[in-house]
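Participant: Here it is: the structure, laid out below.
The values are calculated or read from the model by the stated rules, or taken from the named source; none is laboratory data. Fair warning: this is a prediction, and the values are worked out from it, not measured in the lab. Here Cβ is always computed from backbone atoms with ideal geometry, including for glycine, and neighbour counts include all displayed protein chains.
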Amino acid sequence: MQAYLEAFKDSFLGSVNWTWKSILFEVPWHTNYFWGLILISLMVWGLEVLFPWRKNQGAFRKDFWLDGFYMFFNFFIFSICISGFYKLLSLFFEDLGMASTSFSIIDLDSLPAWSQLVIFFILLDFVQWFTHTLLHKYEFLWQFHKVHHSVKEMGFAAHLRYHWMENILYKPLKTLAVMVLGGFEPEQAYIVHFAAIAIGHFNHSNIKITWGPFKYLLNNPVMHLYHHAYHLPKGKYGVNFGISLSLWDYIFKTDYIPEDSGEVELGFPGDKDFPSDFVQQNTYGILKSKKGQ
């Protein structure tokens, strides 16, 4: 038990220390996700201001500051809070005789660096696409995912507006994907992580981009806007589940883009009674209030 407590403390304090060093520019630039997130956010927000798709939407759209807080809470504060628990989980599996390579299918170490990154990116994105479909398909999970879909005006920061329970679901599945790849991330994995942040910001932004013929490969703001549409095609529990890649939606026939005006009502049935503040949104699904019923 003492070893577990020490591991928990070391992991938690290590995460706090690394984040603080990131703020002070005391970590390598390619691992500085704090300032990287800020830089990407400012760049995409600047493009929203200069080239707005929906002209009647202000630069400081509805819930702009709430979503900004969500960005830092989910990306840093909550990640620090649960870092110790994931370390405990790792030790528990090690005690059961399960190593990080136990589920290894692909030996990335034997492949060129560029192919390591491509495989890592594709597998990770598929796992996230699959997880995303589960959040819509099952009512229990949808209660948490409603937080993300409570956005009524789309903008870059909506990318990281989600219930903390989604971290609990996503992270173990992403860890499993890494275990399939031999239990480690490629040395240049930061390229994939920064690309995912940028693509996610663009997909939620007030910018009209479809990537031309690459729309069948890369997700885009037009496609993702319809993922957030209030009115879904009859019989569908969701459409356009792609995270970075749109490829999976076209393969599994979950794509849906009827037009590209950008004038789409966002949300979900009953969202007028959905909590509007951070605390109530993040207890929703667990301590669901009468207002949220």
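Participant: Take Lys174 and decide whether it is of a type in the set (Lys, Arg), at pLDDT below 95, assigned to a helix (DSSP H, G or I) and closer than 22 Å to Ile82 by Cβ.
Facilitator: Spelling it out, Lys174 is indeed of a type in the set (Lys, Arg), at pLDDT below 95, assigned to a helix (DSSP H, G or I) and closer than 22 Å to Ile82 by Cβ.
Participant: Output the residues belonging to segment 1-28 that are farther than 25 Å from Gln188 by Cα, touching a helix residue (DSSP H, G or I) at 6+ places or on another chain (Cβ under 8 Å) and not small (Gly, Ala, Ser).
Facilitator: Result: Tyr4, Phe8, Lys9, Asp10.
Participant: Can you pull out the residues in segment 153-170 that are basic (Lys, Arg) and in contact with a Lys or Arg (Cβ under 9 Å, 6 or more places away or on another chain)?
Facilitator: Once the filter is applied, which keeps residues that are basic (Lys, Arg) and in contact with a Lys or Arg (Cβ under 9 Å, 6 or more places away or on another chain), segment 153-170 yields nothing.
Participant: Lys236 - would you say it is within 15 Å of Phe156 (Cβ to Cβ) and more than 20 Å from the chain's Cα centre (by Cα)?
Facilitator: No: the conditions fail for Lys236.
Participant: Only one of these conditions is not met by Tyr4: (1) at negative phi; (2) at pLDDT 95 or above. Which number is it?
Facilitator: All conditions pass for Tyr4, except number (2).
Participant: Does Phe241 qualify as being buried (at least 17 other Cβ atoms within 10 Å of the Cβ), touching a residue at least 40 places away in the same chain (Cβ under 8 Å) and under 25 Å from His193 (Cα atoms)?
Facilitator: Against the criterion (buried (at least 17 other Cβ atoms within 10 Å of the Cβ), touching a residue at least 40 places away in the same chain (Cβ under 8 Å) and under 25 Å from His193 (Cα atoms)), Phe241 qualifies.
Participant: Quick one: is Lys253 exposed (fewer than 13 other Cβ atoms within 10 Å of the Cβ) and charged (D, E, K, R)?
Facilitator: Here the answer is yes, as Lys253 does meet what is asked.
Participant: Mind checking which pairs have a first residue in segment 248-263 that is in contact (Cβ under 8 Å) with a residue 24 or more places away in the chain and small (Gly, Ala, Ser) and a second that is surrounded by 11 or more Cβ atoms within 10 Å (Cβ to Cβ) and part of a helix (DSSP H, G or I), Cβ under 8 Å, 6 or more apart or different chains?
Facilitator: Gly262/Val222; Gly262/Leu225
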